[in-house]
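The values are calculated or read from the model by the stated rules, or taken from the named source; none is laboratory data. The structure displayed is predicted, hence computed values, not measured ones. Here Cβ is always computed from backbone atoms with ideal geometry, including for glycine, and neighbour counts include all displayed protein chains.
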């Protein structure tokens, strides 16, 4: 199995996480703007996130703040 790849398309604000190469044959909406894409055999090809900026911001900002706080405590 290939290593996952992450790609961001800033012109469309789309974040895509690839798990495997192949042709999409089916998809499932996991939540609004987040779709899992599958090939004909049901193998997960990737996850597409539309309007990704707010989600990434809300997910990563707390992690960054926690890391900065931990670094400040050890300094």
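Some points to look at:
- Identity of the residue in the stretch 32-47, loosely packed, with under 10 Cβ neighbours inside 10 Å and in contact with a strand residue (DSSP E or B) (Cβ under 9 Å, 6 or more places away or on another chain), that ends up nearest to residue 8 (Cα to Cα): 32
- Test: residue in the stretch 34-42 that is part of a loop (DSSP other than H, G, I, E, B) and under 22 Å from residue 53 (Cβ atoms): no
- Hey, residue 22 in a loop (DSSP other than H, G, I, E, B), surrounded by 15 or more Cβ atoms within 10 Å (Cβ to Cβ) and at pLDDT 90 or above or not: yes
- Any chance residue 29 is outside any helix (DSSP H, G or I), over 22 Å from residue 2 (Cβ atoms), without any contact (Cβ under 8 Å) to a residue 24 or more places away in the chain and in contact with a strand residue (DSSP E or B) (Cβ under 6 Å, 6 or more places away or on another chain): yes
- Options 50, 60: the member that is within 20 Å of residue 7 (Cα to Cα), modelled with pLDDT of 85 or more and either surrounded by 10 or more Cβ atoms within 10 Å (Cβ to Cβ) or in contact with a helix residue (DSSP H, G or I) (Cβ under 7 Å, 6 or more places away or on another chain) (or both): 50
- Residues in the stretch 1-19 that are exposed (fewer than 12 other Cβ atoms within 10 Å of the Cβ) and either touching a helix residue (DSSP H, G or I) at 6+ places or on another chain (Cβ under 6 Å) or part of a loop (DSSP other than H, G, I, E, B) (or both): 1, 2, 3, 4, 10, 11, 12.
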